[in-house]
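The values are calculated or read from the model by the stated rules, or taken from the named source; none is laboratory data. Every value quoted in this text rests on a predicted model; they were computed, and no experiment measured them. Note that each Cβ is placed from the backbone with ideal geometry, even for glycine, and that neighbours are counted across all protein chains shown. Heavy atoms of the whole protein, side chains included, go into the accessibility calculation; ligands, DNA and RNA do not. Shrake-Rupley method; radii C 1.70, N 1.55, O 1.52, S 1.80 Å.
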Amino acid sequence: MSERASAVGGPILTKGNRWILILGILGSLLIIWRFAVGLGASTGLNDGYPWGLWIAFDVVTGTALGCGGFAMALLVYIFNKGRYHPLVRPAILTSALGYSLEGLAIILDVGRPWFIWRIPLGGFPDVGTYNWNSSLLVVALCVMSYIIVLWIELSPAFFEKWQDSPKQGLADFSRRASRFLDKALIWILALGMLLPAMHQSSLGSVMLLSGPRLHNLWNTPFLPLLFLISAITMGYGVVVMEAALASRFFKRPAHVSMLADIGRVAAYTTWLFLAIRLVDLVLRGRLGQMVSLDIYALMFWVETLCLLLPAVMLMNRQRRQNLGYLFRAAIMLILAGTLYRFDTYLVAFMPGEQFSYFPTVPELFITFGLIAIEILLYVALVRRFPILAGRPATAEAE
């Protein structure tokens with residue numbers, strides 16, 4: 001059903017990766033500084049903008065970029081398209097890294113992070129004061145749970161590696177764990193479908209709570225559905241981008257025909273997103289605001305054009321067979337989804353003219369540091385564990 005995955009091998013800290021490591025270290029030092037001085041001194045947040053870059057980009061956008069595993073699982077396990085299986089494991093790795101680091105970003109943004117352990121325990125010891133109707137609670141619980149599920153889904157790659165370990169105890173444990181996971185897979189996959197769907201839709205529900213403070217071009221009861229569809233679309237975009245980059249840097253098979261089909265699916269989900277959004281604006285009588293001479297109308301059209309372009313590109317069956325063409329379309333999908341989520345949580349949020357927000361330098365470099373750490377962890381894991389399908393092209397040629 002699929003090509004056997006194998007470790008890429010080779011050095012982790014190449015010349016280019018050393019610079020990425022420096023950025024990751026800088027971000028880590030700034031994270032320590034943020035906890036030492038607090039949110040007020042380290043961020044541009046205020047009473048009007050209690051959420052900033054770490055939520056809008058690192059969490060809201062970052063988790064959508066981490067939905068590649070969810071999107072591929074829909075194809076492979078729900079729609080029974082087993083031929084896409086070689087793309088599942090790298091997608092799950094990206095999701096696991098993305099969600100784990102976005103979980104860290106949530107901790108960074110919480111005013112009293114030393115109490116965050118109380119979330120999975122129902123607010124213990126004050127269980128009676130816990131708000132079980134909170135959309136933020138759904139987000140928090142789903143993120144925490146999905147991080148665990150993703151690493152369990154990825155664990156067969158580790159067990160495959162460790163089964164060949166010279167340490168007999170580790171090898172025996174890996175074999176037993178693999179057999180157990182084979183039996184438990186159906187339940188793990190069910191959670192892997194449910195949790196990100198709940199989480200992504202709840203991110204839309206959270207902004208509905210802002211009421212009139214959210215601009216009418218984004219404020220709609222369909223916001224949870226639009227967030228879910230955009231996450232799936234961005235997930236497919238990330239799968240295509242990741243496969244193209246892995247083919248370029250790690251010399252692995254590109255699976256262009258598979259990526260072309262995934263691109264077509266992404267086009268369909270994009271058209272669905274655009275249709276729902278347009279129909280909603282028409283039914284709510286908000287077409288006039290689309291042509292207003294303000295920043296909101298401008299950002300709306302930038303989002304829309306960034307979605308229309310890849311949707312049109314990916315409908316061309318012949319040109320979808322070109323990896324570079326697919327890569328450019330995937331980048332546009334990712335950019336469009338990023339803009340939509342960033343706009344919903346920051347640009348379209350209107351707390352009042354007396355408030356303004358722009359991320360501070362430490363906020364920016366902590367975000368850059370988290371991205372750098374994710375890249376390094378990805379490289380380390382694919383070089384040491386069987387994540388990517390197939391062998392290097394040079395080896396196949398021999």
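Just a few scattered comments:
- Cβ-Cβ distances below 7 Å connect the following pairs, each with a first residue in region 309-328 that is closer than 14 Å to residue 267 by Cβ and in contact (Cβ under 8 Å) with a residue 40 or more places away in the chain, a second residue that is assigned to a loop (DSSP other than H, G, I, E, B) and not acidic (Asp, Glu), and a separation of six or more residues or different chains: 320/314.
For every residue, the table says whether it meets (1) in contact with a strand residue (DSSP E or B) (Cβ under 7 Å, 6 or more places away or on another chain); (2) open to solvent by 30 Å² or more (accessible area, probe 1.4 Å).
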site: 5; (1), (2): yes, no
site: 21; (1), (2): no, yes
site: 32; (1), (2): no, yes
site: 51; (1), (2): no, yes
site: 65; (1), (2): no, yes
site: 74; (1), (2): no, yes
site: 93; (1), (2): no, no
site: 99; (1), (2): no, no
site: 110; (1), (2): no, yes
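- Hits in region 1-37 - residues which are at pLDDT below 90 and small (Gly, Ala, Ser): 2, 5, 6, 7, 9, 10, 16
- Restricting region 150-159 to residues that are more than 18 Å from the chain's Cα centre (by Cα) and not hydrophobic (A, V, I, L, M, F, W, C), the residue that is least open to solvent (accessible area, probe 1.4 Å): 155
- Subset of region 289-331 (residues that are open to solvent by less than 40 Å² (accessible area, probe 1.4 Å) and farther than 15 Å from residue 218 by Cα): 306, 307, 310, 311, 313, 314, 320, 324, 325, 326, 329, 330
- Any hit, region 204-212, residues being modelled with pLDDT of 85 or more and hydroxyl-bearing (Ser, Thr, Tyr): yes
- Tally of residues being in a helix (DSSP H, G or I), surrounded by fewer than 22 Cβ atoms within 10 Å (Cβ to Cβ) and either of a type outside the set (A, V, I, L, M) or more than 18 Å from the chain's Cα centre (by Cα) (or both) across region 224-254: 5
- Every residue from region 266-288 that is over 29 Å from residue 320 (Cα atoms), open to solvent by 40 Å² or more (accessible area, probe 1.4 Å) and touching a helix residue (DSSP H, G or I) at 6+ places or on another chain (Cβ under 8 Å): 287
- From the options 56, 41, residue that is without any contact (Cβ under 8 Å) to a residue 24 or more places away in the chain and either small (Gly, Ala, Ser) or open to solvent by less than 40 Å² (accessible area, probe 1.4 Å) (or both): 41
- Region 362-377: number of residues that are open to solvent by less than 30 Å² (accessible area, probe 1.4 Å), of a type outside the set (A, V, I, L, M, F, W, C) and either under 15 Å from the mean Cα position of the chain (by Cα) or within 21 Å of residue 95 (Cβ to Cβ) (or both): 2
- Among residues of region 152-189 being part of a helix (DSSP H, G or I) and of a type in the set (Asp, Glu), the one that is farthest from residue 90 (Cα to Cα) is 172.
- Scanning region 160-217 for residues that are closer than 30 Å to residue 295 by Cβ and loosely packed, with under 13 Cβ neighbours inside 10 Å yields 209, 211, 212.
- Only one of the listed residues (386, 351, 359) is within 27 Å of residue 84 (Cβ to Cβ), outside any helix (DSSP H, G or I) and either at pLDDT below 95 or open to solvent by 20 Å² or more (accessible area, probe 1.4 Å) (or both). That residue is 386.
- Cβ-Cβ under 6 Å pairs, at least 6 apart or on other chains, region 329-352 side among the hydrophobic types (A, V, I, L, M, F, W, C), far side outside any helix (DSSP H, G or I) and open to solvent by 10 Å² or more (accessible area, probe 1.4 Å): 348/215
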